[in-house]
């Protein structure tokens, strides 16, 4: 995994996401999910661009069902964006068609 | 920074990778670009039963990886998860900008970008995408363990993927607009005998609703015009595909369904620009027909590139 993306579990959610004190992008991923494989390098590239300003996290859906259910996530990959106040912002991105430029645009909106 | 190739193939599905195998073996410096990982629609197909050479079912993801490995073995470069941010296919040298940071060029390009799943275009669909509505059974099936779900469609994908979804779901109800499936007879029989699968015929979805996540699906019987609300835990949509023509729109003509018309050798009216696979106007779209298109396009492009090189030298 890259230096800029960390994997968390549902036990870390309150601390790492809600209480982050900075914008967060959270990626729900699964195994046997080619769109997730395709997203990973784009996610890491954008994470590198915003290192220090925005926290990029990923969570393995199969191991963290309760969190997925709580956030209403039913597909992989799903990207959720959070403001510094820990509240969800903007639109969720999902499926195979997530473009690097779309992630970047949403992240820029988080920090402005 | 600009890197030169003999042939650039856009799309790493069966058409693009078949083209890459032929081009690389012909010793063309071959670059394959894909915004995802290799495999196109095959990679998210849970099993493939009709591709010759595999007497047992093969997982779509394994077949996709095999195509890519074979192309790479002969020297084709496959770039995954890239985004094409600018391109110009009109001149003798075709250029493509990648991720706003580098440029690649070649005298010939094969566009094999295939097709994307068709949206229903009904109220609630975009709202509940990823919150109960899915287009990929292999990706999202496991989210619906023990749940009651619905599948929209009645072609091969819809029925095959419904069978796959019965591994997870408690029940799978297929909503189909006609009174019979369009899927292959073998698949249809299997589905109709599966105790977890029910079918509602002659019906189309009209809206998705729910608090927070998807909770209900409204359908209308197209014969009686009666509408019904169905409680659901999730809906999978397999109602066909739309061609991905963003790269060639305005450069070549599209037919009335949005597909690209080509000559028999996959060439377009633009010299050096070829089109192969599901994006092409044709009667049948199968893995085998995509592979055939890719082969033909690579052979035609090879001839074109050799001529282009000879002209430059002369």
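Laboratory data are not the source of any read-out in this text; all were calculated from the coordinates shown. Worth saying up front: this structure is predicted, and the values here are computed from it rather than measured. Here the Cβ is made from the backbone with ideal geometry for all residues, glycine too, and neighbour counts use every protein chain on show.
Summary table
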{"quantity": "Separation of alpha-carbon centers, the range A:43-71 and the range B:117-165, rounded to whole Å", "calculated": "24 Å"}
{"quantity": "Ellipticity estimate at 222 nm from DSSP helix runs (n ≥ 4, -39,500 (n - 2.57)) divided over chain B, nearest 500", "calculated": "-7500 deg cm²/dmol"}
{"quantity": "Added length on full extension, which subtracts the Cα-Cα distance from 0.36 nm per residue, residue B:179 to residue B:209", "calculated": "8.2 nm"}
{"quantity": "Global geometry of the range A:5-111, whether rounded, prolate or oblate, following the gyration tensor of its Cα atoms and the 1.5 cut on a/c", "calculated": "oblate"}
{"quantity": "Approximate spin-label separation residue A:111-residue A:91, in nm, with each point projected 7 Å along Cα-to-Cβ", "calculated": "2.3 nm"}
{"quantity": "Ranked A:28, B:168, B:284, criterion: other C-beta atoms within 10 Å, fewest first", "calculated": "B:284, B:168, A:28"}
{"quantity": "Over the range A:5-111, relative contact order from alpha-carbon pairs under 8 Å, at least 6 apart, %", "calculated": "38 percent"}
{"quantity": "Rounded if a/c under 1.5, otherwise prolate or oblate - chain B, Cα gyration tensor axes", "calculated": "prolate"}
{"quantity": "Residue B:192 paired with residue B:309, simple spin-label distance in nm, labels 7 Å along Cα-to-beta-carbon", "calculated": "5.6 nm"}
{"quantity": "Label-point separation, residue B:254 to residue B:227 (7 Å along Cα→Cβ), nm", "calculated": "3.0 nm"}
{"quantity": "The range B:213-264 versus the range B:1-21: alpha-carbon centroid distance in Å", "calculated": "29 Å"}
{"quantity": "For B:232, B:295, order by how many other beta-carbon atoms lie within 10 Å, fewest first", "calculated": "B:295, B:232"}
{"quantity": "Efficiency of FRET from Cβ geometry, residue B:88 and residue A:101, R₀ 22 Å, rounded to 0.05", "calculated": "0.70"}
{"quantity": "Tensor-based shape of the protein assembly as shown (alpha-carbon gyration tensor, a/c under 1.5 rounded, otherwise prolate or oblate)", "calculated": "oblate"}
{"quantity": "Residue order, fewest to most beta carbons within 10 Å, for B:274, A:13, B:143, B:128", "calculated": "A:13, B:128, B:143, B:274"}
{"quantity": "Selected from B:68, B:137, B:207 as most flexible by GNM, with chain B as the system and alpha-carbon contacts under 10 Å", "calculated": "B:207"}
